[in-house]
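Since the structure comes first, as structure tokens, the remarks are kept for the end.
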Amino acid sequence: MSAVEDAFGSEIDYSMLVKMYGNPTGVEHHYSPPVCTGCTTLAVSGNPDPQHISTSFVERQNLTMRMQMRRYTRLTNAFSKKVTNLEHAVALHYMRYNFCRIHQSLRVTPAMEAGIADHVWELNEIVSLLAA
């Protein structure tokens with residue numbers, strides 16, 4: 001059983017986009033990223049829509065997390081020595097991202113857009129969850 005099935009069950013449309021890379025050409029190739037030579041899609045479970053098989057959403061989410069959390073910035077010393085500290089930092093990031101921050105394209109928070117919050121949360125509301 002895959003991690004996706006563990007998290008969401010078998011009633012999910014799940015696919016993978018597999019990218020194939022080759023070596024860059026030219027004199028200055030030591031620091032150059034590999035060249036994408038092609039990609040294939042693979043339906044893992046369910047009936048995924050081929051038009052929505054993309055890495056764009058997850059790559060954007062990874063960039064946002066790296067830019068807002070210094071723990072994920074490359075070549076930094078702001079790392080977590082304990083896994084539990086990293087877990088708490090990621091949870092706090094996503095709580096703020098989804099409940100406190102008004103997104104430019106949505107004009108509301110993602111939690112409000114999803115219908116699970118009726119207002120923009122303040123940080124003290126998140127802190128009060130710790131006491132509960």
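The values are calculated or read from the model by the stated rules, or taken from the named source; none is laboratory data. A quick note: this is a predicted structure, and the numbers were derived from the prediction, not measured. With ideal geometry, Cβ positions are generated from the backbone for all residues, glycine too; neighbour counts draw on all protein chains shown.
For the stretch 67-113, what are the residues that are assigned to a loop (DSSP other than H, G, I, E, B), at pLDDT 90 or above and of a type outside the set (S, T, N, Q)?
We begin by selecting, within the stretch 67-113, every residue assigned to a loop (DSSP other than H, G, I, E, B); these are 69, 73-82, 101-109.
Then drop every residue that is not at pLDDT 90 or above, which leaves 101-109.
Passing the criteria: ARG101, ILE102, HIS103, LEU106, ARG107, VAL108.
For the stretch 55-82, which positions are polar (S, T, N, Q), surrounded by fewer than 12 Cβ atoms within 10 Å (Cβ to Cβ) and within 29 Å of ASP13 (Cβ to Cβ)?
If the condition is that a residue be polar (S, T, N, Q), surrounded by fewer than 12 Cβ atoms within 10 Å (Cβ to Cβ) and within 29 Å of ASP13 (Cβ to Cβ), then SER56 is the only one that fits.
Does PRO33 satisfy being farther than 29 Å from ILE126 by Cα, outside the structural domain of VAL120 (by TED's automatic domain parsing) and surrounded by 10 or more Cβ atoms within 10 Å (Cβ to Cβ)?
On the way: farther than 29 Å from ILE126 by Cα: yes; outside the structural domain of VAL120 (by TED's automatic domain parsing): yes; surrounded by 10 or more Cβ atoms within 10 Å (Cβ to Cβ): no.
No.
Restricting attention to the stretch 8-34, which residues are of a type outside the set (Ser, Thr, Tyr) and at pLDDT below 85? Full working, then the answer.
Applying the first criterion (of a type outside the set (Ser, Thr, Tyr)) to the stretch 8-34 yields 8-9, 11-13, 16-20, 22-24, 26-30, 33-34.
Within the stretch 8-34, PHE8, GLY9, GLU11, ASN23, PRO24, GLY26, VAL27, GLU28, HIS29, HIS30, PRO33, PRO34 qualify.
Does HIS119 qualify as being over 19 Å from the mean Cα position of the chain (by Cα) and not aliphatic (A, V, I, L, M)? Explain how you work it out, then say what you get.
On the way: over 19 Å from the mean Cα position of the chain (by Cα): yes; not aliphatic (A, V, I, L, M): yes.
Yes; evaluated as a whole, the condition is true for this residue.
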